[in-house]
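> Please read through the structure below; I'll follow up with questions.
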Amino acid sequence: IYTWLAFANNYDFVFRHYSAYDGLWSNAVRAVIQDKKGYIWIGADAGLNRFDGISMRQFNFSRNSFSQSATALLEMGDTIFIGTFNGAYVLKMSTEEMKPFNIKADDGSVINTQIMSISSDKDGGVWFATMGQGVYRYQTSNNTLKRYSSWNEGRIGQVYVDSKNQVWAVT
């Protein structure tokens with residue numbers, strides 16, 4: 001005879017809804033992270049927002065940007081790497097200065113297509129999965145960018161670094 005006991009906890013979840021009416025750039029959210037200070041960073045179709053628990057702060061990309069959509073986010077130290085539909089940006093949190101990430105890779109290319117995901121490794125590397133250019137690794141210690149052979153015509157949906165520092169790419 002087997003006896004199964006199920007305990008149901010009665011949790012009262014409270015949900016709050018935020019929209020463009022509350023200060024979001026757009027109601028279409030593509031990425032969310034929480035930084036070490038507790039701020040919530042929200043990548044939306046029209047830009048980047050920072051939520052402090054009370055109000056939204058809007059950050060926009062350069063006016064020359066083809067797309068204002070923030071598709072992927074990664075915090076590393078004092079920097080947030082931001083993926084967009086046409087490349088990446090870096091935001092230095094202490095100064096709130098945002099710049100395009102336009103470093104040339106070892107093959108002379110620059111990331112200029114949609115970034116699907118951004119991950120970090122244990123060696124200070126930042127990995128970018130792109131839609132059409134393959135995988136890139138930015139080494140923060142020496143400011144270099146390396147492009148890896150592209151699979152599936154360079155369409156990489158996700159790049160993930162596991163606990164053993166192995167890199168996984170989803171095509």
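> Which number in (1) within 19 Å of Ile42 (Cα to Cα); (2) of a type outside the set (Phe, Trp, Tyr); (3) more than 18 Å from the chain's Cα centre (by Cα) marks the one condition that Asn142 misses?
All conditions are met except number (1).
> Let me ask something additional. Picking from Asp106, Asp52, Asp45, Asp78, which residue would you name as being modelled with pLDDT of 85 or more, open to solvent by 40 Å² or more (accessible area, probe 1.4 Å), more than 18 Å from the chain's Cα centre (by Cα) and under 27 Å from Ala129 (Cβ atoms)?
Of the residues listed, the single one that is modelled with pLDDT of 85 or more, open to solvent by 40 Å² or more (accessible area, probe 1.4 Å), more than 18 Å from the chain's Cα centre (by Cα) and under 27 Å from Ala129 (Cβ atoms) is Asp106.
> Evaluate the following for Lys99: is it part of a strand (DSSP E or B), surrounded by fewer than 17 Cβ atoms within 10 Å (Cβ to Cβ) and modelled with pLDDT under 95?
Values: part of a strand (DSSP E or B): yes; surrounded by fewer than 17 Cβ atoms within 10 Å (Cβ to Cβ): yes; modelled with pLDDT under 95: yes.
Answer is yes for this residue.
> Here's something else I'd like to know. Could you say whether any residue in region 30-41 is assigned to a loop (DSSP other than H, G, I, E, B), modelled with pLDDT of 85 or more and surrounded by 10 or more Cβ atoms within 10 Å (Cβ to Cβ)?
So far as region 30-41 goes, yes, one or more of its residues are assigned to a loop (DSSP other than H, G, I, E, B), modelled with pLDDT of 85 or more and surrounded by 10 or more Cβ atoms within 10 Å (Cβ to Cβ).
Every residue, every condition in (1) acidic (Asp, Glu); (2) over 17 Å from Ile82 (Cβ atoms); (3) touching a strand residue (DSSP E or B) at 6+ places or on another chain (Cβ under 6 Å); (4) at pLDDT 95 or above, yes or no:
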site: Thr113; (1), (2), (3), (4): no, no, yes, no
site: Ser120; (1), (2), (3), (4): no, no, yes, yes
site: Asp123; (1), (2), (3), (4): yes, yes, no, yes
site: Ala129; (1), (2), (3), (4): no, no, yes, yes
site: Thr140; (1), (2), (3), (4): no, no, no, yes
site: Thr144; (1), (2), (3), (4): no, yes, no, yes
site: Arg147; (1), (2), (3), (4): no, yes, yes, yes
site: Trp151; (1), (2), (3), (4): no, yes, no, no
site: Gly154; (1), (2), (3), (4): no, yes, no, no
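> Kindly provide the set of residues from region 121-148 that are over 19 Å from Arg30 (Cα atoms), outside any loop (DSSP other than H, G, I, E, B) and not aliphatic (A, V, I, L, M), ordered by number.
Gly125, Tyr136, Arg137, Tyr138, Gln139, Thr144, Lys146, Arg147, Tyr148
> I'm trying to understand the selection: among the residues of region 149-171, which are assigned to a strand (DSSP E or B) and open to solvent by 70 Å² or more (accessible area, probe 1.4 Å)? Outline the logic, then answer.
Residues of region 149-171 assigned to a strand (DSSP E or B): 155, 158-161, 167-170.
Within region 149-171, Arg155, Gln158, Tyr160, Trp168, Val170 meet the criteria.
> Looking at (1) open to solvent by 70 Å² or more (accessible area, probe 1.4 Å); (2) assigned to a strand (DSSP E or B), which is the only condition Ser94 fails?
Result: Ser94 fails condition (2) only.
> Please work out which residue is surrounded by the fewest Cβ atoms within 10 Å (Cβ to Cβ), limiting yourself to region 115-133 and to residues that are over 11 Å from Val161 (Cα atoms) and of a type in the set (A, V, I, L, M).
Met131
> Restricting the search to region 9-42, which residues are within 19 Å of Thr71 (Cα to Cα) and among the polar types (S, T, N, Q)?
Here is the first cut: in region 9-42, the residues within 19 Å of Thr71 (Cα to Cα) are 18-20, 23-35, 39-42.
Passing the criteria: Ser19, Ser26, Asn27, Gln34.
> Right, next: Filter region 81-96 down to residues that are modelled with pLDDT of 95 or more and among the charged types (D, E, K, R), then give me how many there are.
Matching residues across region 81-96 total 1.
> Let me ask you something else. Do you know which residues across region 66-91 are within 23 Å of Phe51 (Cβ to Cβ) and either in contact with a Cys (Cβ under 6 Å, 6 or more places away or on another chain) or not in a strand (DSSP E or B) (or both)? So that I can check it myself, show each step before the final result.
Step one: filter region 66-91 for residues within 23 Å of Phe51 (Cβ to Cβ), giving 67-85, 88-91.
Within region 66-91, Ser67, Gln68, Ser69, Gly77, Asp78, Phe85 qualify.
The values are calculated or read from the model by the stated rules, or taken from the named source; none is laboratory data. On a predicted model such as this, the values are computed, not experimentally measured, just so you know. Here the Cβ is made from the backbone with ideal geometry for all residues, glycine too, and neighbour counts use every protein chain on show. For accessibility, only protein heavy atoms count, side chains too; no ligands or nucleic acids. Shrake-Rupley method; radii C 1.70, N 1.55, O 1.52, S 1.80 Å.
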